[in-house]
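The values are calculated or read from the model by the stated rules, or taken from the named source; none is laboratory data. Not measured: the values here are computed from a predicted model. Cβ coordinates were reconstructed from backbone atoms using ideal geometry, including for glycine residues, and neighbour counts include every protein chain displayed.
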Amino acid sequence: MKRLVLLAASLTLTGIATAATPPAIYTAAQATAGHADFETHCSMCHGKNLQGIAGPTLIGQSFASKSNNYTVAAIFDELSQQMPAGAPASLTNTQYADIMAFILSKNGYPAGTTPLTFEGAQSSTVKLISQVK
Ligand code: HEC
């Protein structure tokens, strides 16, 4: 009986941990490349630490809280079609995917083994809820 209770408790804990961990949808190499592109093309308006200057913050709850209900596709659409403000859609598909990877990494999404493609980001239904306060 005692063993059953322990098993149930550990299953519950595992379930919670799985639900709280966002999926790995980009690689670490992409986030590194995206960091450099962000510094060159985005940081003058969004800040080196994504904290916001002339453009809004791209990190934390004031960017992507649960109630914003963003998907990766929705943010990627704005990012790749409207940004950089002043020269919309002027970067390459690879640069946009890398920058999306960088923004995900800064918001607590883990890197994995599958690269994020431009098309994949455009159609991604993955929820974007910042893991950062
Ligand atoms: C000249 C200033 C400027 C530059 C450069 C710029 N942005 Fe923006 N960005 C803005 C402003 C202003 C807004 C808010 C108004 C809007 O959505 O058009 C915005 C909005 C956004 C949003 C939507 C945020 C939200 O909460 O909905 C994202 C994502 C974004 N920018 C990403 C980027 C990326 C990535 C780059 C670099 C490729 C970039 N921006 C370059 C000014 C800029």
Item to check | Members of region 79-112 found to be of a type in the set (F, W, Y) and either under 9 Å from the mean Cα position of the chain (by Cα) or under 20 Å from T21 (Cβ atoms) (or both), listed by number | outcome: F102, Y109
Checklist outcome for this item: Checked pairs for region 117-133, first over 14 Å from D98 (Cβ atoms), second in a helix (DSSP H, G or I) and among the aromatic types (F, W, Y), C-beta under 8 Å and 6 or more apart or across chains, list as Q122/F76; S124/F76
Next on the checklist: Filter region 65-83 down to the residues that are within 21 Å of T117 (Cβ to Cβ) and in contact (Cβ under 8 Å) with a residue 40 or more places away in the chain and list them by number.
Outcome noted: Y70, T71, V72, A73, A74, I75, F76, D77, S80, M83
Item to check | Candidates A73, A64 - the one that is surrounded by 13 or more Cβ atoms within 10 Å (Cβ to Cβ) and more than 8 Å from the ligand (Cβ to nearest atom) | outcome: A73
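Return yes when P115 is more than 10 Å from the chain's Cα centre (by Cα) and over 16 Å from T27 (Cβ atoms) and no when it is not. Steps first, answer last, please.
Values: more than 10 Å from the chain's Cα centre (by Cα): yes; over 16 Å from T27 (Cβ atoms): no.
For P115, the condition - more than 10 Å from the chain's Cα centre (by Cα) and over 16 Å from T27 (Cβ atoms) - is not met.
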Checklist outcome for this item: Being at pLDDT 95 or above and buried (at least 17 other Cβ atoms within 10 Å of the Cβ) narrows S124, S90 down to just S124
Checklist outcome for this item: Scanning region 28-50 for residues that are closer than 11 Å to P115 by Cβ and touching a helix residue (DSSP H, G or I) at 6+ places or on another chain (Cβ under 7 Å) gives Q30, A31, A33
Next on the checklist: Against the definition (of a type in the set (A, V, I, L, M, F, W, C), in a helix (DSSP H, G or I) and exposed (fewer than 14 other Cβ atoms within 10 Å of the Cβ)), how does A36 come out, yes or no?
Outcome noted: yes
Next on the checklist: Just the residues that are in contact with a Ser or Thr (Cβ under 8 Å, 6 or more places away or on another chain) and more than 8 Å from the ligand (Cβ to nearest atom), please, taken from region 77-92.
Outcome noted: A89
